[in-house]
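The values are calculated or read from the model by the stated rules, or taken from the named source; none is laboratory data. Please read these numbers as outputs of a predicted model, since none were measured by experiment. Methodologically, a virtual Cβ is constructed for each residue, glycine included, from the backbone with ideal geometry; neighbour enumeration extends over all protein chains shown. Each accessible area value is taken on the protein alone, full model and side chains, heavy atoms only, with ligands, DNA and RNA left out. Shrake-Rupley method; radii C 1.70, N 1.55, O 1.52, S 1.80 Å.
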Amino acid sequence: MRRILTGALGAALLATMVPVQASAAPGVINQACRQSGRDAATIERCGCIQEAANKALNRSERRKVAKWFSDPHQAQVVRMSDKSSDEALWKRYKAFGELAQAICQ
């Protein structure tokens with residue numbers, strides 16, 4: 001089931017998305033996705049997830065989030081953190097996840 005994106009951020013990000021071929025979306029998220037060993041981590045899907053990350057996260061955030069593929073506990077550390085910067089990252093990460101889920105089925 002596709003989730004409906006709510007909020008201006010999700011709508012704006014979705015409006016700027018264009019179809020992507022896997023070779024057109026190199027990056028740390030794509031690489032981490034493809035190395036994750038998950039059955040669903042196809043070239044096409046990982047490329048699409050990278051494209052969503054490019055729209056929702058800045059370069060530094062993409063590098064940080066890419067590490068979560070191999071160490072999911074770090075995502076939990078950010079989620080539970082009291083730091084305002086971590087809270088802001090977590091909100092953008094959630095928006096990225098919703099966007100990727102909506103367009104990368």
Helices (runs of 4 or more DSSP H) lying entirely in segment 52-105 (those with 3 or more residues that are among the polar types (S, T, N, Q)): 84-103
Which number in (1) open to solvent by 90 Å² or more (accessible area, probe 1.4 Å); (2) without any contact (Cβ under 8 Å) to a residue 12 or more places away in the chain; (3) closer than 23 Å to I103 by Cβ marks the one condition that N58 misses? (1)
What are the residue pairs meeting all of these: first residue in segment 30-45, first residue of a type in the set (G, A, S), second residue assigned to a loop (DSSP other than H, G, I, E, B), Cβ atoms under 6 Å, and 6 or more apart or on different chains? A32/F69; S36/F69
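For residues in segment 29-47 being of a type in the set (V, I, T) and part of a helix (DSSP H, G or I), which is least open to solvent (accessible area, probe 1.4 Å)? First the steps, then the outcome.
Of all residues in segment 29-47, those of a type in the set (V, I, T) come to 29, 42-43.
Restricting the remaining residues to those that are part of a helix (DSSP H, G or I) gives 29, 43.
Numbers: I29: 0, I43: 84 Å².
So the residue we want is I29.
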Specify the residue that is surrounded by the most Cβ atoms within 10 Å (Cβ to Cβ); the eligible residues are those in segment 61-90 that are in contact (Cβ under 8 Å) with a residue 12 or more places away in the chain and among the charged types (D, E, K, R). R62
Between residues in segment 91-102 that are farther than 17 Å from C46 by Cβ and residues that are in a helix (DSSP H, G or I) and open to solvent by 70 Å² or more (accessible area, probe 1.4 Å), which pairs lie under 8 Å by C-beta distance while being six or more apart or on different chains? A95/L9
